[in-house]
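Novice: First the structure, which I've put down as C-alpha cells, then a few questions once you've had a look.
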C-alpha cells in the first residue's frame, strides 16, 4: 500500500510502554487496528467489511476490504465473483474470502486525527485492566493508604496507583477518620467503578483483618507453626481468636500474646484499643466452648452433637460475665465455635432439673 502508515517510532513507544506499565504491545496494536477500522468507515462512509493489519515490527498499516467469493454478486460491498477473486488470488475458492487492499486518499492524516482519542481510551482501559488484575491478586492482603475523604460516609483512600474505599459497614464504629491520616485495611474485593476504573474495597471491621494482623505480628502464625482456627469479632469492642499448634512444645496462646503482652498489644493498638481474647482451640467441643466463654468460669458443658447445641452451666456469680454486656461474650463464643450455646447459672439449672422431676412425678401419679 503506497500510503501505508509506516510508524516504527510508534512500535518503539509501545515496547517502552509495555516495559514501564505492563501494557502488552499486542493489546495496543489490536486497539489501534480497531480504531483505524472505525476511522475508515466514518470518514469514507463505507459499508464494506474492512480489516486493518498493522505490522508488529515496523508499524506499517494496511487496510483491506474483505469480500466473500460467490457465484452471483448481490452486494458488491461484501461480495466478489470468483472470476474477479482469482485476479487477486489465484487460489481463491467459492465461499471463502479474499482481501482487497484499499488505498484511500489522505487516509494517513485522517486516521491519525480520528484514531487518536480512541487509542488513548484503549490505553487507559488497558492500564485500568492491569491495575485491576494487580490489586485483584492482592485480595486478602493488608494495604496502607492516606485518607482523602472522610465525611461520615464512605472513607476514600489514596493507595498510590488506585483509589480504595471503606464502606460504612467495613468501618470500625468507634473510630474517627480524618483526612491525611494514614491507615491500614484488609483488601476484601476489587470492583469495577465508574467508567471501568477499578476500586479496592477495604475493610477494617472484618475478622479477616484481625487474622492478617496476627500473621504480621506473630512469626509462628506466618510460618505455619500456629494455625488460626476461627475469628469472631464485634468491631471496635471485642474479638475472640482461636489458635492451635500441632507441636506440643509450642504454647499457641502464649506465643500470640507475647512476653508481657507486647505482641498482642501491637494488634490492639492497630485496632484502637479493641479487646482481644486469644483462646486455644480444642477438637473436644466441650473444652473449646468452655475456653471460648472466657473470662467466665464454666462448671459443665452438655453437648448435643447432631444439633451442634451446647448447654453450659456456670456458677451463679459468673452468669453475667459468661453472657457479657448485651450478650456479647456468649454471641462471640457461639460464632467462634460455630455452636449454639445456652448458658444457665447453677441455680437456674437446679430449678430446671427440679421442675422436670416434679413434672415427671405428676405424670406418673396420673397414670
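Novice: Is it the case, given these coordinates, that residue 286 is surrounded by fewer than 19 Cβ atoms within 10 Å (Cβ to Cβ), touching a strand residue (DSSP E or B) at 6+ places or on another chain (Cβ under 7 Å) and part of a helix (DSSP H, G or I)?
Specialist: Judged against the criteria, residue 286 is a match.
Novice: Look through segment 151-196, keep the residues that are touching a strand residue (DSSP E or B) at 6+ places or on another chain (Cβ under 6 Å) and more than 22 Å from residue 137 (Cβ to Cβ), and return whichever of them is surrounded by the fewest Cβ atoms within 10 Å (Cβ to Cβ).
Specialist: My answer is 182.
Novice: Take segment 12-41 and flag every residue that is part of a helix (DSSP H, G or I) and at pLDDT below 80.
Specialist: 13, 17, 20, 21
Novice: Additional query: For the list (1) in contact with a strand residue (DSSP E or B) (Cβ under 7 Å, 6 or more places away or on another chain); (2) part of a helix (DSSP H, G or I), I need the number of the one condition that residue 277 fails.
Specialist: Looking at each condition in turn, residue 277 falls short on (2).
Novice: Does segment 214-227 contain at least one residue that is part of a helix (DSSP H, G or I), at pLDDT below 95 and out of contact with any helix residue (DSSP H, G or I) (no Cβ under 6 Å at 6 or more places or on another chain)?
Specialist: yes
Novice: Now a separate question. Please go through segment 217-247 and pick out each residue that is in contact with a strand residue (DSSP E or B) (Cβ under 6 Å, 6 or more places away or on another chain), surrounded by fewer than 21 Cβ atoms within 10 Å (Cβ to Cβ) and over 25 Å from residue 171 (Cβ atoms).
Specialist: 227, 229, 244 - these are the residues of segment 217-247 that are in contact with a strand residue (DSSP E or B) (Cβ under 6 Å, 6 or more places away or on another chain), surrounded by fewer than 21 Cβ atoms within 10 Å (Cβ to Cβ) and over 25 Å from residue 171 (Cβ atoms).
Novice: Same structure again: Is there a residue being in contact with a strand residue (DSSP E or B) (Cβ under 6 Å, 6 or more places away or on another chain) and at pLDDT below 90 anywhere in segment 297-308?
Specialist: No, there is no match, as no residue in segment 297-308 is in contact with a strand residue (DSSP E or B) (Cβ under 6 Å, 6 or more places away or on another chain) and at pLDDT below 90.
Novice: Same structure again: Looking for something in contact (Cβ under 8 Å) with a residue 40 or more places away in the chain, assigned by TED's automatic domain parsing to the domain that holds residue 146 and surrounded by fewer than 18 Cβ atoms within 10 Å (Cβ to Cβ) - is there at least one such residue anywhere in segment 262-273?
Specialist: The answer is no; no qualifying residue exists.
Novice: While we're here: Look through segment 61-72, keep the residues that are surrounded by fewer than 16 Cβ atoms within 10 Å (Cβ to Cβ) and either assigned to a strand (DSSP E or B) or free of Cβ contacts under 8 Å to residues at least 12 places away in the same chain (or both), and return whichever of them is farthest from the chain's Cα centre (by Cα).
Specialist: My answer is 72.
Novice: Can you name the residue in segment 119-155 that is touching a helix residue (DSSP H, G or I) at 6+ places or on another chain (Cβ under 7 Å) and assigned to a helix (DSSP H, G or I) and, of all such residues, is farthest from residue 234 (Cα to Cα)?
Specialist: Ranking the qualifying residues of segment 119-155, first place goes to 119.
Novice: Name the single residue, out of those in segment 99-114 being touching a strand residue (DSSP E or B) at 6+ places or on another chain (Cβ under 9 Å) and over 15 Å from residue 46 (Cα atoms), that is modelled with the highest pLDDT.
Specialist: The residue in question is 99.
Novice: Which residues, taken from segment 156-181, are in a strand (DSSP E or B) and in contact (Cβ under 8 Å) with a residue 24 or more places away in the chain?
Specialist: Listed by number, the residues that qualify are 157, 163, 164, 165, 166.
Novice: Among the numbered criteria (1) free of Cβ contacts under 8 Å to residues at least 24 places away in the same chain; (2) over 28 Å from residue 26 (Cα atoms); (3) not in a loop (DSSP other than H, G, I, E, B), which single criterion is violated by residue 53?
Specialist: The number of the failed condition is (2).
Novice: Go through segment 81-104 and give me each residue that's in a strand (DSSP E or B) and more than 52 Å from the chain's Cα centre (by Cα).
Specialist: Within segment 81-104, 81 is the sole residue that qualifies.
The values are calculated or read from the model by the stated rules, or taken from the named source; none is laboratory data. As the structure is a computational prediction, the values presented were derived from the model and not from experiment. FYI the Cβ positions are ideal-geometry reconstructions off the backbone, even for glycines, and counts take in every protein chain you see.
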